[in-house]
Amino acid sequence: MQLQQMRYVLAAAEKNSFSAAAKSLFISQPSLSQQIGNLEKELGIPLFIRHSKSVTLTDAGEQFVIQAQRILNRVDQLSDTMKKYSLQQSGTLRIGMLWIAGYLGLSSVITDYHKRYPHITYHLKVEGSNTLLKMLSSREIDAAFVISTDNILAEEDLYYQQLMDDRYMVILSAQNPLSSKSSLTIQDLKEEKIIMPAKASAFRQNMEQLFAQNNISPNVLCETSQSDLVMQLASQGLAVGFASRSIARKLQNPACRILPLKPRISRPIYYVTLKELLDYPPIRSFTSFVESYPLFTNAHTADKK
C-alpha cells in the first residue's frame with residue numbers, strides 16, 4: 001500500500017468519478033484506475049462500486065477513506081515538522097557548558113545564536129570537561145565546550161575545533177617581591193606557600209609534574225580550583241596561586257599581580273560534537289556559528305601576540 005494510492009482513493013471518493021479525480025491530480029484516468037485496482041487486489045476487497053459514469057464507495061471503502069485521511073494528515077504534519085527542522089524553525093540543542101563558561105564569555109554564544117534562531121529549544125548541562133565528554137559519547141548532549149587536549153579528543157567519531165588557547169598564570173600579592181618580575185618559573189616559587197589546583201582539575205597533574213621535575217616539594221596552603229578564592233588568598237599575601245589568564249583578568253584587583261608561568265602551560269578551549277550529528281541541521285548551523293563567532297576569531301589573534 002502506497003501513500004499515493006491513498007491519495008488517489010480520496011480524490012476519487014471526493015469526486016465520485018475516476019476521470020474527474022484523475023483530472024484534479026493531473027494524471028491519466030487509466031493510470032489512476034490501475035493504481036486503485038492494484039490496491040483493491042492487495043487488500044482483497046473492492047473499495048468502489050463502478051457505475052457507468054461514476055463511482056461510489058463500498059462499506060470497506062468508506063472505512064478506508066476515514067483511516068487513510070488520518071494517515072495522510074499525520075504524514076503531512078510530519079513533513080511540515082521536518083521542514084521546520086531543516087529551516088531551523090524547530091529542533092532542540094543540548095549543549096554542554098563548562099563551570100567557567102561565564103568567565104570565558106561562552107554564554108554569549110548561546111544568547112546570540114538564540115537571537116538568530118529563536119524557535120530552537122535549548123537545554124544546557126553545566127559540568128567539567130571529562131564529564132561533558134562522557135555525556136557526549138553517551139548521546140546525553142549534542143555538543144560541548146571543553147578544556148582538553150588533542151590526545152584526549154583523538155577519537156574517530158569526534159569532531160572538534162579549538163576556539164581559544166588560554167594559558168595558566170601565577171597569581172600573587174602586589175606586595176610580594178616576586179611581583180616585580182615579568183614572568184615566573186617554578187624555581188621562583190620554591191619558598192612560597194602554594195595554592196594547588198583541586199585534585200579533580202586537569203591542571204593539577206601539570207603542576208605536580210612541574211614541581212617534581214624541579215625537585216620541589218610545594219608548601220601547600222590549600223587545594224582549590226575556585227578562582228575567586230585563589231585571587232582573594234593571593235591578593236592578601238597568604239599564598240601564591242594559579243588561574244587561567246581569561247579568568248584572572250576578569251577577577252583582577254589592584255592588590256594582586258598576574259604573571260605568566262614559564263614554561264607555558266596551555267589551557268585550550270574546544271568546541272566538540274559527534275561527526276554523525278553534523279548532518280542534523282541545528283547542530284550543523286550551530287557548529288558553523290561557533291566557528292565564525294567573533295569572540296573566538298579575535299581570541300586566536302590575541303593568543304598570537
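Among the residues in segment 144-167, are any in contact (Cβ under 8 Å) with a residue 24 or more places away in the chain, of a type in the set (Phe, Trp, Tyr) and under 30 Å from Ala255 (Cα atoms)?
no
Return the total of residues in segment 101-122 being in contact with a strand residue (DSSP E or B) (Cβ under 7 Å, 6 or more places away or on another chain), loosely packed, with under 14 Cβ neighbours inside 10 Å and assigned to a loop (DSSP other than H, G, I, E, B).
Count: 0.
Residue by residue, here is whether (1) assigned by TED's automatic domain parsing to the domain that holds Ser108; (2) surrounded by 14 or more Cβ atoms within 10 Å (Cβ to Cβ); (3) touching a strand residue (DSSP E or B) at 6+ places or on another chain (Cβ under 7 Å) holds:
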{"residue": "Ser225", "(1), (2), (3)": "no, yes, no"}
{"residue": "Gln232", "(1), (2), (3)": "no, yes, no"}
{"residue": "Ile247", "(1), (2), (3)": "no, yes, no"}
{"residue": "Pro254", "(1), (2), (3)": "no, no, no"}
{"residue": "Ile258", "(1), (2), (3)": "no, yes, yes"}
{"residue": "Leu274", "(1), (2), (3)": "yes, yes, yes"}
{"residue": "Ser292", "(1), (2), (3)": "yes, no, no"}
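So if I check each of Leu78, Leu98, Leu72, Leu39, which one is out of contact with any Ser or Thr (no Cβ under 9 Å at 6 or more places or on another chain), buried (at least 17 other Cβ atoms within 10 Å of the Cβ) and of a type in the set (A, V, I, L, M, F, W, C)?
Selected residue: Leu39, the only one of Leu78, Leu98, Leu72, Leu39 that is out of contact with any Ser or Thr (no Cβ under 9 Å at 6 or more places or on another chain), buried (at least 17 other Cβ atoms within 10 Å of the Cβ) and of a type in the set (A, V, I, L, M, F, W, C).
For segment 140-197, which strands (runs of 3 or more DSSP E) that fit wholly inside it have 2 or more residues that are of a type in the set (D, E, K, R)?
Those strands (runs of 3 or more DSSP E) span 158-173.
State whether the residues of segment 81-90 include one that is without any contact (Cβ under 8 Å) to a residue 40 or more places away in the chain and in contact with a Lys or Arg (Cβ under 9 Å, 6 or more places away or on another chain).
yes
Let me spell it out: the conditions are (1) surrounded by fewer than 19 Cβ atoms within 10 Å (Cβ to Cβ); (2) under 15 Å from Arg267 (Cα atoms), and Ser183 meets all of them except one. Which number is the exception?
Single failed check for Ser183: (2).
Pick out the one residue from Ala243, Ala248 that is in a helix (DSSP H, G or I) and not charged (D, E, K, R).
The match here is Ala248.
I need the full set of residues from segment 266-281 which are at pLDDT below 85 and part of a helix (DSSP H, G or I), in order please.
Matches in segment 266-281: Asp279, Pro281.
Conditions (1) of a type in the set (Gly, Ala, Ser); (2) at pLDDT 95 or above; (3) within 15 Å of Trp99 (Cβ to Cβ), marked per residue:
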site	(1), (2), (3)
Asp188	no, yes, no
Ala198	yes, no, yes
Ser201	yes, no, yes
Val220	no, yes, no
Ser225	yes, no, yes
Ser235	yes, no, no
Val240	no, yes, no
Ile247	no, no, yes
Lys250	no, no, yes
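Just for segment 46-61: of the residues that are under 52 Å from the mean Cα position of the chain (by Cα) and without any contact (Cβ under 8 Å) to a residue 40 or more places away in the chain, which one is nearest to Met1 (Cα to Cα)?
The extreme case among them is Leu47.
The values are calculated or read from the model by the stated rules, or taken from the named source; none is laboratory data. These figures come from a predicted structure and were not determined experimentally. In this analysis, Cβ positions are derived from the backbone assuming ideal geometry, glycine residues included, and neighbour counts consider all displayed protein chains.
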